[in-house]
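Following: one structure in C-alpha cells, then a few remarks.
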Amino acid sequence: MQSPVEYLKGVGPQRADLLKKELNIFTFKDVLEHYPLRHLDKTKVDKIVNLNYSTEYTQVAGKLTDIHTVGEKSARRLVAYVHDGTGDMELVWFQGINWVEKTLQPGQVYLVFGKVSFFNGKVQMTHPELEVFSPEKGGGKSFLDPIYPSTEKLKSRGLNGRAFAKITYCLLQQLSAKDLPENLPEAIIKQYRFISRWEAYCHIHFPSSEEMYTHAVRRLKFEELFFSQLRLGLRRATRHRFSHGPRFDKVGNLFNTFYENYLPFELTNAQKRVLKEIRKDVGSGKQMNRLLQGDVGSGKTIVALLSMLIAADNVRPEDGQPFQSVLMAPTEILARQHFNGITALLKDMPVCVKLLTGSSKGKSRKEILKGCEEGSIHILIGTHAVIEEKVIFKNLGFAVVDEQHKFGVAQRAQLWKKNSLPPHILVMTATPIPRTLALTAYGDLDYSVIDELPPGRQPIITTHRYENKRPQVMDFIKAEIAKGRQAYVVYPLIEESSKMDYENLMKGYEEVKSFFPEPKYWISMVHGRQPAEQKETNMQRFVQHDTQIMVSTTVIEVGVNVPNASLMVIESAEKFGLSQLHQLRGRVGRGSEKSFCILLTGPKVSKDARERLHIMCATNDGFKIAEKDLEIRGPGDIEGTKQSGELNFKLASIVTDKVILEVSKNLVNELLDADPDLTMAENLPIKSHLQVHQGKTVWSKIS
Ligand code: ADP
Ligand code: MG
C-alpha cells in the first residue's frame, strides 16, 4: 500500500509526476483513496434526440465523423460529430488537440460521455470522454463504471475521469485481501453489518451493484470518522491521564463571599452545571482544556469570573502562593469592558484586578508587570498583550480565552509556558459551534455548553429592509430613542485597511447625523483606526447614555454589553456572514425591553445572502444558525478550523454524515473507557491500523 505510484502498471515516471503534482497521489494507498465522483451505468445509453436543456451528464453511442480543427492560435479547437441514428452532437476540444486527434478514428463507433450543453440550439459536448463502443462490454467486468475527478492537465495526458479507472483496476488486480487487513473489531463489524475492508475498496471503485456500492461507502465513511474520533479520543484520554495541572481542591472564602453577597442574579441551571464541570476538572490535579460554548448573551463571563475566584481561593502547596488568573479578550474594547464589569462586581472584595492592553504604557505598565511577577495581582484582564514574553506571572493557574476564534493556535499555546505546571484553560466561543464541528475540529478539548439564556430575555424581532426604506428606518430609531432606548448602526468593515469601507462609514455617519441633529441627539462613533482612548471615550459615552446612537464598524461585534440599547441597524447586511450577523444582533436584547434588528441591503442580493437574511429573520437560536452556517459554507470555511487535520475527510462529511459521526463517537468513548491503551486482543486490529496510519496532525497542546 505504501509503494510509490510509479511502480504501478500504466503509470510511468511522467504520469507519476503529474499525479503527484495535480492530485497529491504518491502511493498505492492514495490511488485507492482517490474515490470516484460517481458511476456511469454502462448499459444506459441516451439517444441524442432525447437530450434537452435539463440533461446534465450523459452517455451516447454513435459513429464519429468529420474530425477537423478550426480557428488559429489560441482560438484553435478540434471539432467532430457523433451520429447515433436519432441525431447529431457536436464534440469540441480546446486543449490536448494533437493527442486527441491522433487517437480518434473517423468511422468508428464510440461511447461518448460528458456534460451536455446547447449552443445556438445545437447539442454540444466540450472535452467529452470517448471509448470504443463494444456492445458486450456492458455486462462485463463491472456494471457501473467509475468516473474520477481529474484535472485539465491530466486529461491532456490521457488521464481523464474514465481512463483513471484503468489504473485503479490494475492496482486492485495486483492487490488481495491480505494487503488490506481488517482494522475494526469483530464486534463492531457484526453489529453494523459492515462488509470487509477489501470488499469495500473493490466495490467503491467497481461496484457489482448499487447496493454493494452503498455498503462500501458506508463502511469507508465509518472508518474515516471512527479513526478520526479515536485519534482525538486518545489525545483527550492521554491528557486526562498524564498532563498535570494545578489542583484547586477547595472552594474558599472569595468564591463563597462573592456567590452569597455580590452575585447580582441567580445562575441559570446551565451556568451551574458548567461551573460544576469546571470545578471537577480543576480539582482533579490534571490540566483542564475546556471549550465553553453558549449563545450570545448566555452569560459565559460570570462563569469565567467564578472560576477565577476559585483559582484565587487556592494556593500552590510548595510556597503557599495563591493562583493567579488571566482573561484574554480579542479587542481592546472588550478587554476594557470585561475589566469595568468585573471590577464593579468585585469592588468590595479583596481581589486585585488589573487591565493590560497594547495602550498600557510607561509607569502603569511597569507596575502591572511587577504586580504579576510578584503575585499581588489576582486577575489580569487584557488583550493579547497579556501573553507577551515580558509578562511573567508568579503563579498563573487559570487562563480564560474569550471569543476564541479570534486567536490563533500559536497565541494560545503561549499560555502554556506561563507556569511550570501549565494553567487550566477555558476557551469561550463567541457564538455556538455546530455539534459536528465541536466533535471534530475541537474534539480533543473537553466541552461544556450553556444551552439556556438568562430568564426574561425576549426574542429580538428581526426584519430585512431595502435601502430605499432608510428614512422609515431612521424614523423608527427616533421612536425608540423617544422611549429612552439607544441604537447601534453598524457598517461592514471587510478589511481593516480598506479605504472604501471607511469612506462608507464616514458617509453613513454624516447621513445619520443629518437625521439626528445635535443638540437634541448625540452620536458616538467607534472604528478600528481611532486611538484606543478615543474609542474608549466614545464607547463610555454610549454606555453612560450620553449618546443615543452608536455608529460603528464591526469592532463592536464581540461581546459589547449595553443593556439599554434595543435597536441594531446593520448596513449592507448582505456582506456579512451568518455568525457575524448573529453576533452583531446579540448586542441588543440584553435588557428586558423588546429589541429589534433591522438588516438593510441594496436592491441586489445574491441567493446565498438572501438565505442568510431569511435565516436571521426566522430564528434567534444561535445553535440553529451555526448549523445552517455550516451547511451553507461547508466546513472548510469556518473560522479557526482551517488548520484542523481532523476535517480533511475524503468521503465523509460533517454536514451530511452526522449520524455516522455520532455512532463513531459513542463507540470510541465506550472502547476507550474499557480499554484506554488498546491492549485487549479484540482491539488489536485498531491498534495496528493506528500504528501504520499515523494521524497527520501533531497534537499541538491546545487547538
Ligand atoms: P456572553 O455569553 O455573550 O459572553 P455575557 O456573559 O456578556 O454573555 O452575559 C450577558 C448578560 O447577561 C450580562 O449583562 C450578564 O450580566 C447577564 N447575565 C448573565 N448570567 C445571568 C443570569 N443567570 N441571570 C440574569 N442575567 C445574567
Ligand atoms: Mg462574552
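Being more than 16 Å from ligand 2 (Cβ to nearest atom) and more than 20 Å from PRO185 (Cβ to Cβ) narrows it down to one of LEU267, LEU220, LEU254, so name that one.
Unique residue meeting the criteria: LEU254.
Regarding SER498, is this residue of a type in the set (S, T, N, Q), open to solvent by less than 40 Å² (accessible area, probe 1.4 Å) and at pLDDT below 85?
Against the criterion (of a type in the set (S, T, N, Q), open to solvent by less than 40 Å² (accessible area, probe 1.4 Å) and at pLDDT below 85), SER498 qualifies.
Residues checked against (1) in contact with a His (Cβ under 6 Å, 6 or more places away or on another chain); (2) within 30 Å of GLY589 (Cβ to Cβ); (3) open to solvent by less than 80 Å² (accessible area, probe 1.4 Å); (4) modelled with pLDDT under 85:
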{"site": "GLY640", "(1), (2), (3), (4)": "yes, yes, yes, yes"}
{"site": "GLU646", "(1), (2), (3), (4)": "no, no, yes, yes"}
{"site": "SER653", "(1), (2), (3), (4)": "no, no, yes, no"}
{"site": "GLU670", "(1), (2), (3), (4)": "no, no, no, no"}
{"site": "LEU684", "(1), (2), (3), (4)": "no, no, no, no"}
{"site": "VAL692", "(1), (2), (3), (4)": "no, no, no, yes"}
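Taking into account only those residues within the range 582-622 that are in contact with a Gly (Cβ under 6 Å, 6 or more places away or on another chain) and more than 16 Å from ligand 2 (Cβ to nearest atom), which is least open to solvent (accessible area, probe 1.4 Å)?
Only one residue tops the list, namely SER595.
State the number of residues belonging to the range 298-315 that are in a loop (DSSP other than H, G, I, E, B) and at pLDDT 95 or above.
Of the residues in the range 298-315, 1 are in a loop (DSSP other than H, G, I, E, B) and at pLDDT 95 or above.
Only one of VAL49, VAL31, VAL92 is part of a strand (DSSP E or B) and in contact with a Ser or Thr (Cβ under 8 Å, 6 or more places away or on another chain). Can you tell me which?
When all the criteria are applied, what remains is VAL92.
Given the structure, is SER243 open to solvent by 20 Å² or more (accessible area, probe 1.4 Å), touching a residue at least 12 places away in the same chain (Cβ under 8 Å), in contact with a strand residue (DSSP E or B) (Cβ under 8 Å, 6 or more places away or on another chain) and among the small types (Gly, Ala, Ser)?
Answer is yes for this residue.
Can you pull out every residue in the range 147-161 that is charged (D, E, K, R) and within 16 Å of PRO13 (Cα to Cα)? Spell out the reasoning first.
First pass over the range 147-161, keeping only residues charged (D, E, K, R): 152-153, 155, 157.
Residues satisfying the conditions are LYS153, ARG157.
On the basis of being within 28 Å of LYS153 (Cβ to Cβ), touching a residue at least 60 places away in the same chain (Cβ under 8 Å) and in a strand (DSSP E or B), does HIS68 make the cut?
no
Condition check: open to solvent by 20 Å² or more (accessible area, probe 1.4 Å), within 30 Å of PRO432 (Cα to Cα) and not hydroxyl-bearing (Ser, Thr, Tyr). Does ARG279 satisfy that?
Yes: the conditions hold for ARG279.
Anything in the range 512-559 that is open to solvent by 10 Å² or more (accessible area, probe 1.4 Å), in a strand (DSSP E or B) and among the β-branched types (Val, Ile, Thr)? List them, or say none.
ILE523
With (1) within 26 Å of GLY62 (Cα to Cα); (2) touching a helix residue (DSSP H, G or I) at 6+ places or on another chain (Cβ under 9 Å) as the list, and VAL116 as the residue in question, which single condition is left unmet?
(2)
Name the single residue, out of those in the range 536-557 being among the hydroxyl-bearing types (Ser, Thr, Tyr) and under 34 Å from the mean Cα position of the chain (by Cα), that is farthest from SER524 (Cα to Cα).
Ranking the qualifying residues of the range 536-557, first place goes to THR554.
Based on what the data block shows, is PRO181 in contact (Cβ under 8 Å) with a residue 60 or more places away in the chain and more than 26 Å from VAL31 (Cα to Cα)? Steps first, answer last, please.
On the way: in contact (Cβ under 8 Å) with a residue 60 or more places away in the chain: yes; more than 26 Å from VAL31 (Cα to Cα): no.
Here the answer is no, as PRO181 does not meet what is asked.
Find the residue count for the range 352-364, including only residues that are assigned to a loop (DSSP other than H, G, I, E, B) and within 27 Å of GLY528 (Cβ to Cβ).
Looking only at that region, the number is 5.
Count, please, the residues in the range 196-237 that happen to be within 32 Å of the chain's Cα centre (by Cα) and without any contact (Cβ under 8 Å) to a residue 12 or more places away in the chain.
Qualifying residue count, the range 196-237: 1.
Taking the residues in the range 217-242 that are among the polar types (S, T, N, Q) and out of contact with any Lys or Arg (no Cβ under 7 Å at 6 or more places or on another chain) as candidates, determine which candidate is farthest from LEU672 (Cα to Cα).
Restricting to residues being among the polar types (S, T, N, Q) and out of contact with any Lys or Arg (no Cβ under 7 Å at 6 or more places or on another chain), the top hit is SER228.
Within the range 428-473, which residues are of a type in the set (Ser, Thr, Tyr), within 16 Å of ligand 1 (Cβ to nearest atom) and either open to solvent by less than 10 Å² (accessible area, probe 1.4 Å) or part of a helix (DSSP H, G or I) (or both)? Full working, then the answer.
Residues of the range 428-473 that are of a type in the set (Ser, Thr, Tyr), as a first pass: 429, 431, 436, 440, 442, 447-448, 462-463, 466.
The next check asks that each one be within 16 Å of ligand 1 (Cβ to nearest atom); those that pass are 429, 431, 447-448.
Matches in the range 428-473: THR429, SER448.
Which one of ASP295, ASP313 is touching a residue at least 60 places away in the same chain (Cβ under 8 Å), over 30 Å from THR436 (Cβ atoms) and open to solvent by less than 20 Å² (accessible area, probe 1.4 Å)?
Of the residues listed, the single one that is touching a residue at least 60 places away in the same chain (Cβ under 8 Å), over 30 Å from THR436 (Cβ atoms) and open to solvent by less than 20 Å² (accessible area, probe 1.4 Å) is ASP313.
Return the pairs, sorted by first residue and then second, in which the second residue is open to solvent by 30 Å² or more (accessible area, probe 1.4 Å) and aromatic (Phe, Trp, Tyr), the first residue lies in the range 651-663 and is closer than 21 Å to ILE632 by Cβ and part of a helix (DSSP H, G or I), the beta carbons are less than 8 Å apart, and the residues are 6+ apart or on different chains.
Hits for this filter: zero, empty list.
Which of the residues spanning the range 332-351 are part of a loop (DSSP other than H, G, I, E, B) and open to solvent by 40 Å² or more (accessible area, probe 1.4 Å)?
LYS347, ASP348, PRO350
Anything in the range 1-56 that is in contact (Cβ under 8 Å) with a residue 24 or more places away in the chain, within 25 Å of LYS122 (Cα to Cα), loosely packed, with under 14 Cβ neighbours inside 10 Å and hydroxyl-bearing (Ser, Thr, Tyr)? List them, or say none.
TYR53
Across the range 507-533, what is the number of residues that are farther than 18 Å from VAL562 by Cβ, in contact with a strand residue (DSSP E or B) (Cβ under 9 Å, 6 or more places away or on another chain) and not charged (D, E, K, R)?
2
Can you tell which of VAL92, VAL79 is open to solvent by less than 20 Å² (accessible area, probe 1.4 Å) and in contact with an Asp or Glu (Cβ under 8 Å, 6 or more places away or on another chain)?
Selected residue: VAL79, the only one of VAL92, VAL79 that is open to solvent by less than 20 Å² (accessible area, probe 1.4 Å) and in contact with an Asp or Glu (Cβ under 8 Å, 6 or more places away or on another chain).
The values are calculated or read from the model by the stated rules, or taken from the named source; none is laboratory data. Only a predicted model underlies this, so the values are computations on that prediction, with no experimental measurement involved. Note that we place each Cβ from the backbone using ideal geometry, even for glycine, and neighbour counts take in every protein chain shown. For accessibility, only protein heavy atoms count, side chains too; no ligands or nucleic acids. Shrake-Rupley method; radii C 1.70, N 1.55, O 1.52, S 1.80 Å.
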